[in-house]
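Taken together, the values in this text are just the output of simple stated rules run on the coordinates, not laboratory data. Here the structure is a predicted model, which is why all the values come from computation and not from measurement. In this analysis, Cβ positions are derived from the backbone assuming ideal geometry, glycine residues included, and neighbour counts consider all displayed protein chains.
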Amino acid sequence: MLLLTDHYRVARQALDRSKTRAFLTMIGVAIGVASITAILALSGGVSKVIGRQVADLGGSVAVIRPSTGRASLADLSNPSPSNAYSTSPLQERDVTSISELLGVEAIAPLMTLSGSVRTNSSTPSESTIVATSPALQQISNLETADGQFIDSVTKQNTAVIGTQLSIDLFGTEQSIGQTFLVRGQSFTVIGILKRLNQPINYNNIDFDHAAIISLESGKLFNGGIAQIQQINVKAAPNTNMSRLADSIKLTLQNNHDNQKDSDVFIGREIAQPTSELFQFVSAVMAVIASISLLVGGIGIMNIMLVGVSERTREIGLRKAVGASNGTIVSQFLFEALIISVLGGVLGFLGGYFIAFVVSLMIPYDPVFSWYIVGWAATLSVGVGVVFGLYPAIRAARKDPIESLRRYH
Amino acid sequence: MAKPANKPVIKMTDLKKRFGVGDAEHYALDGVDLTVKKGEFIAIMGPSGCGKTTLLNIIGLLDRPTDGEYLLDGDNVEDLRSGQAAKIRAHRIGFIFQNFNLIERLNVLENVALPLTYSGVPHMKRIQRASDILKGFHLQEREYYMPWQLSGGQTQRVAIARALVNKPSIILADEPTGNLDSKSSHIIMEELSEIHKKGNTILMVTHNPNLTTYATRVITMLDGRIDTDTAEPKLHENKNEKRPLNKSAKQKSSKKGAKTTKSSRRKAKK
Ligand SMILES: Nc1ncnc2c1ncn2[C@@H]1O[C@H](COP(=O)(O)OP(=O)(O)OP(=O)(O)O)[C@@H](O)[C@H]1O
Ligand SMILES: [Mg+2]
């Protein structure tokens with residue numbers, strides 16, 4: 001067997017002659033690896049942001065969300081992906097049963113309402129209407145800058161709004177007592193939330209742009225039925241979280257005729273990105289990545305096949321002076337690997353470059369982790385091996401006599 | 001590797017090589033019996049297309065015979081796996097091809113060092129040994145030339161240097177003096193006989209009768225068979241006894257006869 005350095009030398013000699021060709025082939029792999037790297041770096045960034053929030057919660061929060069098992073590629077072309085909400089299996093009586101479980105200190109259902117928030121003079125483009133219970137303040141550490149949070153005593157048609165929404169609606173952060181409209185219904189501002197600057201969080205709600213109303217008011221917009229997208233549960237101190245999660249699961253199954261239609265997340269699981277936009281973008285990037293890896297791989301196979309037929313005589317000669325079939329296979333495989341790994345390195349750096357550029361426009365930074373390095377390496381080596389093997393075997397199968405005879 | 005000196009390096013019995021199938025079927029070698037002892041310098045002559053290159057290829061394990069037996073150092077080559085054959089080529093056999101076959105994008109030094117790559121010599125040592133051998137061929141100033149920058153004679157000498165660099169015990173030279181003038185031819189022949197004097201076995205194909213004087217034994221081939229052999233003058237007669245045909249008749253009838261017997265034998269084998 002040849003040493004790796006020998007293989008490297010032979011492959012270098014071969015690639016030196018066709019630098020441009022090799023470089024162009026490399027780009028295909030590079031684009032694929034770059035997309036993957038960017039996706040992972042950014043999603044890592046999201047997880048990190050949310051993870052920090054989850055850590056702030058002290059590990060005592062459990063989050064219940066409807067199962068997303070039905071999510072498929074078809075959803076990407078669905079004009080209204082948020083319709084998943086209208087079929088949320090979580091109901092008010094789930095909230096009631098869970099609140100009775102041992103170890104549950106507070107519970108807050110989250111119901112996001114469609115429709116915009118407006119005053120007679122302005123309609124902010126970005127706003128979210130959330131109907132929830134007063135316990136959300138405690139569970140999600142929401143602080144008010146002014147006024148008070150919604151509570152069970154205050155009358156209906158009152159709301160707490162985010163700082164930015166207040167500015168967008170009324171042009172000031174001091175808007176206590178002002179009124180705004182939701183679907184023709186008028187609400188009075190009783191509190192302003194402190195600015196959070198957390199557009200990405202495990203509640204999937206940008207509280208700076210949110211209007212928080214009571215669950216009762218929310219239900220009125222929905223024919224008296226609560227459509228709950230998420231239930232946040234805060235456990236009493238020293239509660240075993242996984243055991244609590246299990247009993248929540250059991251309760252939900254009992255309530256839902258043994259249908260497993262929702263998931264309970266605790267600890268770091270809560271931090272997995274759930275934003276649909278994010279998932280959409282990730283899915284698109286993943287498709288781009290796989291296509292470009294495939295194209296890159298085909299490029300490698302192509303350039304290698306060309307190389308093999310160009311070098312037929314050389315292969316014959318190498319065999320004549322003692323190269324075994326195995327040596328020829330590894331020589332050509334090594335050449336393919338050099339292309340794909342260099343492409344991978346290029347793509348990895350490019351991917352981080354893209355991630356940093358993108359992060360200028362979004363509220364979190366990409367993360368670096370060895371896990372991403374591992375993926376980039378695995379993919380580039382994998383593409384090299386998968387698409388380099390066939391040409392390499394073709395090279396090794398060449399009959400030395402024919403090879404030497406045919407080209408001179 | 002210490003085999004008794006009298007034991008033949010190469011022993012072929014009724015060796016046949018067929019190319020093509022069906023109507024295109026053609027025997028390039030049609031029953032070659034050849035025994036070569038260690039240290040012989042054999043010149044092979046014969047008209048173009050009589051199977052000389054094919055014979056060298058089979059001796060050098062580049063090709064396999066269709067039929068017959070070939071013992072290399074007493075081992076039947078039929079039993080060799082392709083990896084073992086490669087190893088033997090790397091360590092024990094040096095080829096000088098009819099058309100030299102230098103790799104165009106490698107320089108002279110790298111071309112000469114090529115066989116050493118496959119016999120496990122480290123890079124630095126390879127370069128060193130290739131450089132040494134090129135010195136012997138007065139090509140040291142041409143080390144970094146590319147093949148296309150060499151004259152025909154220089155190219156031939158580089159090809160010989162490459163064949164010798166791994167100190168093979170058997171050297172197979174296919175018209176090493178191909179299209180050289182007689183002076184250059186004799187220089188190359190002197191070099192080959194130097195190598196022969198060191199105890200190597202050489203089989204050389206040539207069309208130039210003058211060069212056979214360097215050889216210890218001369219074989220002529222005709223239509224895939226050995227026609228005359230200075231070492232075994234009897235052989236020729238024996239063969240003629242077995243096939244008492246004049247030349248033109250022999251070509252036609254033997255081909256037909258051979259075809260039927262061979263195909264029936266193949267069937268029987270299966
Ligand atoms: N791969 C092949 N396929 C078909 N026929 C072949 C093949 N190789 C050789 N032959 C045929 O076998 C015969 C012998 O060829 P070979 O190259 O051994 O001749 P040669 O004696 O070396 O001739 P020359 O002196 O011209 O080099 C020729 O008729 C040739 O056409
Ligand atoms: Mg020939």
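If both residues of a DSSP beta bridge must be in chain A, then about 80% of such bridges are antiparallel. The calculated FRET efficiency for A:H256 paired with A:Q138, based on their beta-carbon distance and R0 = 30 Å, is about 0.65.
Each label was represented as a point 7 Å from its Cα along the Cα-to-Cβ direction; for B:S131 and A:A55 these points are 5.9 nm apart.
Ordering A:222-233, B:159-170 by mean Cβ neighbour count within 10 Å, with the highest value first, yields B:159-170, A:222-233.
Inter-part distance, region A:339-405 to region B:114-157, computed on C-alpha centroids, equals 36 Å.
The H on the amide N of A:V104, modeled in the peptide plane, is under 5 Å from the matching H of A:A236, each at least 5 residues off or on a different chain. With N the number of residues in the protein assembly as shown, Rg(Cα) / (2.2 N^0.38 Å) evaluates to 1.58. Among B:R81, A:R195, B:R126, the ranking by other beta carbons within 10 Å of each residue's beta carbon, starting with the fewest, stands as B:R81, A:R195, B:R126. Counting every other Cβ atom within 10 Å of each residue's Cβ, A:F221, A:F353 order from fewest to most as A:F353, A:F221.
Annotation: amide H of B:L222 within the under-5 Å range of B:D227, sequence separation 5 or more or interchain, hydrogens built in the peptide plane.
Extension gain for A:S309 to A:L349 (0.36 nm times residue separation, less C-alpha to C-alpha distance): 11.1 nm. If you split all Cα-Cα distances of region B:8-237 into 5 Å bins from zero, what percentages do you get per bin, shortest first? Pairs per bin, as whole percents: 1, 7, 14, 18, 20, 16, 12, 8, 3, 1, 0. Counting Cβ atoms of other protein chains within 10 Å of each Cβ in A:4-11 and taking the mean gives 2. A simple spin-label model places the labels of A:R243 and A:R17 7.3 nm from each other, with each point 7 Å out along Cα-to-Cβ. Among A:209-218, A:338-347, the peptide with the highest mean count of other Cβ atoms within 10 Å heads the list, and the full ranking is A:338-347, A:209-218. May I ask for the net charge around A:S166, where only other residues with Cβ less than 11 Å from the Cβ of A:S166 are counted and Lys, Arg are +1 while Asp, Glu are -1? Once positives and negatives cancel, what remains is -3. Tell me the net charge near A:D146. Cut-off is 10 Å between Cβ atoms, A:D146 excluded, with +1 for each Lys or Arg and -1 for each Asp or Glu. Charge balance in the 10 Å sphere: 0.
Shown for A:L389, B:L139: other C-beta atoms within 10 Å of each C-beta, ranked fewest to most, produce the order A:L389, B:L139.
Here, region A:90-260 has an Rg and a Dmax of 16.6, 51 Å when only alpha carbons are counted. Computed over region A:258-408, the P(r) curve from all C-alpha pair distances, binned at 10 Å from the origin, holds 10, 28, 23, 17, 12, 7, 3, 0 percent per bin. Helices in chain A that qualify as membrane-span-like (whole DSSP H runs, Cα extent of at least 24 Å along the helix axis, mean Kyte-Doolittle hydropathy of 0.5 or higher) are A:19-56, A:276-310, A:325-359, A:370-397. Model label sites at B:S48 and A:I298, defined 7 Å from Cα along the beta-carbon direction, differ in position by 4.6 nm. With a Förster radius of 56 Å applied to the beta-carbon distance between A:R405 and A:L360, the computed FRET efficiency rounds to 0.35. Inter-chain neighbour count for A:324-334: the average number of beta-carbon atoms from partner chains within 10 Å of each residue's beta-carbon is 2.
Place a label point 7 angstrom from the Cα of B:N210 along the Cα-to-Cβ direction, then list the residues of region B:156-187 whose backbone nitrogen is under 20 Å away. It comes to B:156-157, B:174-187, nothing else.
Here region A:131-262 carries DSSP beta bridges of which approximately 60% are antiparallel, counting only pairs with both residues inside. Under the convention that each Lys and Arg Cβ holds +1 and each Asp and Glu Cβ holds -1, the size of the dipole of the protein assembly as shown around its Cα centre is about 4500 debye. Note on A:310-320: average number of Cβ atoms from other chains within 10 Å of each residue's Cβ is 5. Toward the positive end of the charge dipole of region B:1-119, with +1 on the Cβ of Lys and Arg and -1 on the Cβ of Asp and Glu, the farthest Cα among B:I88, B:G20, B:P65 is that of B:I88.
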